[in-house]
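Colleague: Structure below; questions to follow.
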Amino acid sequence: MSHEEYMKAALELAEKGLGFVNPNPMVGAVIVRDGEIIGRGYHRKCGELHAERNAFADCDSRGIDCSGADMYVTLEPCCHYGKTPPCTEAIIEHKIKHVFIGSADPNPLVAGKGVRLLRENGIEVTENVLRSECNELNEIFFHYITTGMPFVTMKYAMTMDGKIACCTGESKWITGEAARRNVQRERLKHSAVMVGIGTVLADNPMLTCRLENSCDPIRIICDTHLRIPLDCNIVRTAKDVTTIIAASSQNKEKRLALSELCCNTLVIGEKNGHIDLNELMQKLSDLEIDSILLEGGGELNWSMLNAGLVNKVQAYVAPKIFGGADAKSPVSGIGVPAPSDAFMLSDAKVKHIGDDILIESRVRNVHGNN
């Protein structure tokens with residue numbers, strides 16, 4: 001096997017941590033000797049052992065000596081004490097000969113120090129093996145650790161004529177089952193899913209992850225005036241799924257009622273008649289929410305874009321046409337006055353999912369966007 005193939009094996013392991021490691025990165029590691037993988041590990045859950053130490057534990061459980069072996073790891077090994085001991089320490093203790101690294105760690109506590117420490121201890125280091133693939137795996141972590149703000153993905157499904165609902169407001173279902181299953185994976189990937197009160201009132205959604213052996217994202221409802229019904233699905237299930245209601249309303253009675261039903265309310269200042277989204281994002285960051293899947297309607301999508309808070313756009317396009325001058329589109333608001341004022345997207349990727357198409361792009365010039 002080549003260096004790239006060993007790193008691909010480490011990447012496949014890293015992806016097993018999807019949804020369970022936030023706000024930590026997904027990391028995988030394999031230990032190789034004489035062309036054979038002798039140990040495997042990945043970061044399983046935030047607060048638990050990192051990939052490198054799990055790979056060593058895999059070898060130790062089978063009585064395998066790692067001395068003189070190579071290690072392939074998707075992210076630069078940590079060199080500081082956090083919730084777990086530094087991985088560089090374990091690599092040195094197990095007498096690894098050569099470490100191959102995919103991504104550099106932008107965390108200021110690491111940022112090249114891990115590589116330097118390994119080399120100072122006589123361990124050969126090769127960097128940037130499948131760097132693009134390893135960087136893409138942890139785009140959320142890289143953004144959060146360098147900007148301190150949540151990575152926001154704006155997701156919507158629309159017809160080929162750009163409609164997210166019929167003229168009657170009916171929207172289930174625009175895309176097919178395969179595309180909807182992919183959305184569930186995105187819910188698992190992100191720490192939280194966010195919608196506006198309009199979506200709650202119109203659709204009464206659950207906003208949970210329906211994949212097997214998964215975990216539910218935190219649910220965030222933007223509800224300036226605390227209009228959320230106490231008997232809606234979101235509130236009814238708040239005892240089982242962490243739920244945050246962001247509001248400017250000072251209605252103490254409604255807040256108390258929501259609290260008694262296990263909803264967490266965040267008091268957010270008002271701006272132009274709605275909650276201040278920049279303030280909300282900062283408070284969510286303080287709660288270590290590193291990423292948000294924005295599944296709102298056109299008004300919230302516009303407000304988030306206009307505030308410079310969207311990092312990526314995922315547009316699921318179904319081979320259908322609804323028509324209707326008043327049928328809703330993915331982004332509403334007042335809109336931009338001229339084509340030159342458009343929100344510009346880049347790095348477009350197109351993927352066929354069943355009969356539908358997913359177009360994924362980065363938003364240029366986002367506050368803190370890398």
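The values are calculated or read from the model by the stated rules, or taken from the named source; none is laboratory data. All values reported here derive from a predicted model rather than from experimental measurement. All Cβ positions, glycine included, derive from the backbone under ideal geometry; neighbour counts span all protein chains shown. Note: areas computed on protein heavy atoms with side chains; ligands, DNA, RNA excluded. Shrake-Rupley method; radii C 1.70, N 1.55, O 1.52, S 1.80 Å.
Colleague: Can you pull the accessible area of Tyr156 for me, 1.4 Å probe, Å² to the nearest 10?
Modeller: Result for Tyr156: roughly 40 Å² accessible.
Colleague: Roughly how many debye, to the nearest 20, is the charge dipole of the range 259-346 about its Cα centre, given +1 on each Lys and Arg Cβ, -1 on each Asp and Glu Cβ, and no other charges?
Modeller: With Lys and Arg at +1 and Asp and Glu at -1, about 420 debye.
Colleague: Counting only protein heavy atoms and a 1.4 Å probe, tell me what percentage of the chain's accessible area is made up of carbon and sulfur. Mind showing how you got there, number by number?
Modeller: Working: 8630 of 17510 Å².
Within the chain, the accessible surface is 49 percent carbon and sulfur.
Colleague: If you line up the long axis of helix 277-286 against the longest principal axis of the chain, both from Cα atoms, how many degrees apart are they, to the nearest 10?
Modeller: The angle comes out near 30 degrees.
Colleague: Quick one: check the C-alpha center-to-center distance for the range 207-250 versus the range 105-178, whole angstrom.
Modeller: Cα centroid to Cα centroid, the span is 24 Å.
Colleague: Further question on the same structure: Using θ = phi - 60° and the Karplus form 6.51 cos²θ - 1.76 cosθ + 1.60, what ³J(HN,Hα) does each residue of the range 115-127 get, whole Hz, x for Gly and Pro?
Modeller: 4, 4, 5, 4, 5, 5, 9, x, 9, 6, 10, 10, 9
Colleague: Normalised by the number of residues in the chain, what is the relative contact order in percent for Cα pairs under 8 Å and 6+ residues apart?
Modeller: Reported relative contact order: 16 percent.
Colleague: Whole number in Å², please: accessible area per residue of the chain, 1.4 Å probe, ligands, DNA and RNA not counted.
Modeller: Counting only protein heavy atoms, the per-residue value for the chain is 47 Å².
Colleague: OK, next. Applying a 10 Å radius around every beta-carbon, put 68-77, 25-34 in order of their mean neighbour count, most first.
Modeller: 68-77, 25-34
Colleague: May I ask you to derive the relative contact order of the range 208-332, considering only C-alpha pairs under 8 Å and at least 6 residues apart, and to give it as an integer percent?
Modeller: Relative contact order for the range 208-332 comes out at 18 percent.
Colleague: Which residue, Cys167, Cys222, Cys78, has the most motion in a Gaussian network model of the chain that connects Cα atoms within less than 10 Å?
Modeller: Judging by the Gaussian network model, the answer is Cys167.
Colleague: So, one more: Given Trp173, Ser191, Thr208, which one lies farthest toward the positive end of the charge dipole of the range 170-212, if we put +1 on the Cβ of every Lys and Arg and -1 on the Cβ of every Asp and Glu?
Modeller: Final value for the positive-end residue is Ser191.
Colleague: Can you give me the Cα centroid spacing of the range 301-337 and the range 34-97 in angstrom?
Modeller: 45
Colleague: When a/c reaches 1.5 or more, the comparison of a/b and b/c decides; with that in mind, is the range 298-370 rounded, prolate or oblate per its Cα gyration tensor?
Modeller: Note, shape of the range 298-370 comes out oblate.
Colleague: So, in nm, how far is label Ser67 from label Met160 when the simple model puts each one 7 Å beyond its Cα toward the Cβ?
Modeller: Roughly 6.7 nm, to one decimal.
Colleague: What share of the DSSP beta bridges in the chain is antiparallel, in percent to the nearest 5?
Modeller: So the antiparallel bridges amount to about 40 percent of the total.
Colleague: Moving to a separate point now. Averaged over all directions, how much area does the convex hull of the C-alpha atoms of the range 201-264 cover when projected, in nm²?
Modeller: So the mean shadow area of the Cα hull is 4.2 nm².
Colleague: Does the range 243-370 come out rounded, prolate or oblate, given a ≥ b ≥ c as the square roots of the eigenvalues of its C-alpha gyration tensor, rounded meaning a/c under 1.5 and, failing that, prolate meaning a/b above b/c?
Modeller: prolate
Colleague: Can you compute the radius of gyration and Dmax for the chain, using only the Cα atoms, both in Å?
Modeller: Values for the chain (Cα only, Rg and Dmax): 22.7, 70 Å.
Colleague: What is the helix-to-structure angle for 177-189, meaning the angle in degrees between its Cα long axis and the longest Cα principal axis of the chain, kept from 0 to 90 and rounded to the nearest 10?
Modeller: The helix 177-189 is inclined about 60 degrees to the chain.
Colleague: So if I take the alpha carbon set of the range 55-166, get Rg, then get Rh from the Kirkwood formula, what is the Rg over Rh ratio?
Modeller: 1.17
Colleague: While we're on this one: As a test question: what accessible area, to the nearest 10 Å², does Asp326 have when a 1.4 Å probe is rolled over all protein chains in place?
Modeller: Accessible area, nearest 10 Å²: 140 Å².
Colleague: Here is a further query. Would you mind calculating the relative contact order of the range 105-256 from Cα pairs under 8 angstrom and at least 6 residues apart, reporting the percent as a whole number? Show your work: numbers first, answer last.
Modeller: Working: 139 pairs, mean separation 21.5, N = 152.
Once divided by the residue count of the range 105-256, the mean separation gives 14 percent.
Colleague: Relative to the longest principal axis of the C-alpha atoms of the chain, give the angle of the C-alpha long axis of helix 3-14, reported between 0 and 90° and rounded to the nearest 10°.
Modeller: The answer is roughly 50 degrees.
Colleague: Inverting the mean 1/r over all pairs of different Cα atoms, compute the Kirkwood radius of the range 53-107 and quote it in Å.
Modeller: 11.8
Colleague: Karplus couplings for the range 249-260 from phi (6.51 cos²θ - 1.76 cosθ + 1.60, θ = phi - 60°), rounded to Hz, Gly and Pro as x?
Modeller: Going residue by residue, I get 4, 9, 5, 5, 5, 5, 4, 5, 4, 5, 4, 5 Hz, with x marking Gly and Pro.
Colleague: Take every Cα-Cα pair in the range 130-189 and report what % of them are more than 17 Å apart.
Modeller: Summing the P(r) tail past 17 Å for the range 130-189 gives 58 percent.
Colleague: Let me ask something additional. In a Gaussian network model over the chain where Cα atoms closer than 10 Å are linked, find which of Ile334, Ile289, Ile92 has the largest mean-square fluctuation.
Modeller: Ile334
Colleague: OK, next. With the cut-off at 21 Å, tell me which of the pairs Lys155/Lys189; Lys16/Lys113; Lys45/Lys155 have Cα atoms farther apart than that.
Modeller: Among Lys155/Lys189; Lys16/Lys113; Lys45/Lys155, the Cα-Cα distance tops 21 Å for Lys16/Lys113; Lys45/Lys155.
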